[in-house]
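The values are calculated or read from the model by the stated rules, or taken from the named source; none is laboratory data. For clarity, every value in this text was computed on a predicted model and none was experimentally measured. Note: ideal-geometry Cβ built from the backbone for every residue, glycine included; neighbour counts use all protein chains shown. The protein model used for the area step is the full one, side chains on, heavy atoms only, and it has no ligands, DNA or RNA in it. Shrake-Rupley method; radii C 1.70, N 1.55, O 1.52, S 1.80 Å.
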Amino acid sequence: KIHLSLVDGFSFLDTISWDAFNEGSHLTDYVKNYKKRFGFYPAKVLACQIYCTRENRKWLTDKNIQLAAKPLGRPCAKALARKTRREEPG
């Protein structure tokens with residue numbers, strides 16, 4: 001597995017491993033690496049669902065870092081209706 005951070009078009013290789021690991025447990029380390037590189041925390045983190053644990057969400061909130069990810073909980077009925085509604089050919 002590898003973990004890359006993308007910042008302004010530049011790739012940073014944070015982790016490379018042939019061992020199994022849960023990526024979500026490393027989010028705080030990756031954000032701390034960002035701070036070491038640039039001297040400040042990012043304003044926003046874009047992450048897939050595996051990184052979006054309640055613990056990570058709280059940690060990011062405590063650091064005033066926005067998380068761009070799918071919200072927790074069930075989607076509202078309106079969102080489900082849009083997703084499941086079949087479009088009629090026009």
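Quick notes
- Accessible surface of the chain [probe 1.4 Å, protein heavy atoms]: carbon and sulfur percent: 55 percent
- Site-free segments of the chain were taken between chymotrypsin sites (Phe, Trp or Tyr not before Pro) in DSSP loops having at most 15 other Cβ atoms within 10 Å, sites themselves excluded; the longest one is 41-90.
- Cα shape, the range 1-42, gyration tensor, a/c 1.5 rule: oblate
- Rounded to 10°, Cα long-axis angle of helix 27-38 versus longest principal axis of the chain: 60 degrees
- Charge dipole (debye, nearest 20) of the chain; +1 at Cβ of Lys and Arg, -1 at Cβ of Asp and Glu: 460 debye
- Global geometry of the chain, whether rounded, prolate or oblate, following the gyration tensor of its Cα atoms and the 1.5 cut on a/c: prolate
- In the range 45-78, trypsin sites (Lys or Arg not before Pro) in a DSSP loop with at most 16 other beta-carbon atoms within 10 Å: K63
- Cross-link pairs K58/K78; K44/K70; K32/K63 - those with Cα-Cα distance over 19 Å: K58/K78
- DSSP bridge pairs, the chain: antiparallel proportion in percent, nearest 5: 65 percent
- CD proxy at 222 nm, helix term only [per DSSP H run n ≥ 4: -39500 (n - 2.57); per residue of the chain; nearest 500]: -9500 deg cm²/dmol
- Ranking F12, N22, F40 by how far each Cα lies toward the positive end of the dipole of the range 2-79 (charges on Cβ) leaves F40 at the top.
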